[in-house]
Amino acid sequence: MAYVDGFVVPVPKGQLAAYRTMARKAGKVWREHGAIDYHECVADDVTVGKRTSFPRSVKLKPGEVVVFSYIVYKSRRERDRINKAVMTDPRLKSMMDPKKKMPFDGKRMFWGGFKSLVRV
């Protein structure tokens, strides 16, 4: 079954267009290296929960929005191969430079890899 990388990040609303541009470029690179699918989704119906929620998970600040994203691969092995290639792809090197200003706060981003459990 497929393997999925998921991540959640807070993005200032004023930086959403810049984030979209960056995400489109990144998505093309991931797909070219073999990812099956690439999705970047902006929060539309998320509320702050009493204990936990998407806004709480990233310590959302006023003027920010939550972005939930996922990349689908054929397998964990393929994911590892593809991510290794993506991380050395020159088209993304400048975007991933921590010295450059990013359109989001990477310190509040979280991510992980997931084995598929059910697919309908």
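Some notes on this structure:
- Gyration tensor (alpha-carbon) shape descriptor, the chain, a/c threshold 1.5: oblate
- Taking the helices alone, the chain has a mean residue ellipticity at 222 nm of -9000 deg cm²/dmol, built from -39,500 (n - 2.57) per DSSP H run of at least 4 residues and averaged over all its residues.
- All-pairs alpha carbon distance profile, segment 31-73, 10 Å steps from 0, percent: 25, 41, 23, 11, 0
- Going by neighbour counts of Cβ atoms within 10 Å, the residues K25, K99 line up, fewest first, as K99, K25.
- Our summary gives the chain a relative contact order of 48 percent, counting only alpha carbon pairs under 8 angstrom and 6 or more residues apart.
- A straight line joining the Cα centroids of segment 102-120 and segment 1-61 runs 8 Å.
- Using Cβ point charges alone (K and R +1, D and E -1), the dipole size of segment 1-70 about the Cα centre works out to roughly 300 debye.
- Near-label residues of segment 68-110 by backbone N, under 13 Å of a point 7 Å along Cα→Cβ of I36: 71-79
- Here each label is just a point 7 Å from Cα along the line to Cβ, and for A85 and A2 those points are 1.8 nm apart.
- Dipole size of the chain about its Cα centre, with +1 on Lys/Arg Cβ and -1 on Asp/Glu Cβ: approximately 320 debye, rounded to the nearest 20.
Values in this text are rule-based calculations from the coordinates and carry no lab data. Quick caveat, the model's predicted, so the values are computed rather than measured. Backbone-built Cβ (ideal geometry, glycine too); neighbour counts: all protein chains shown.
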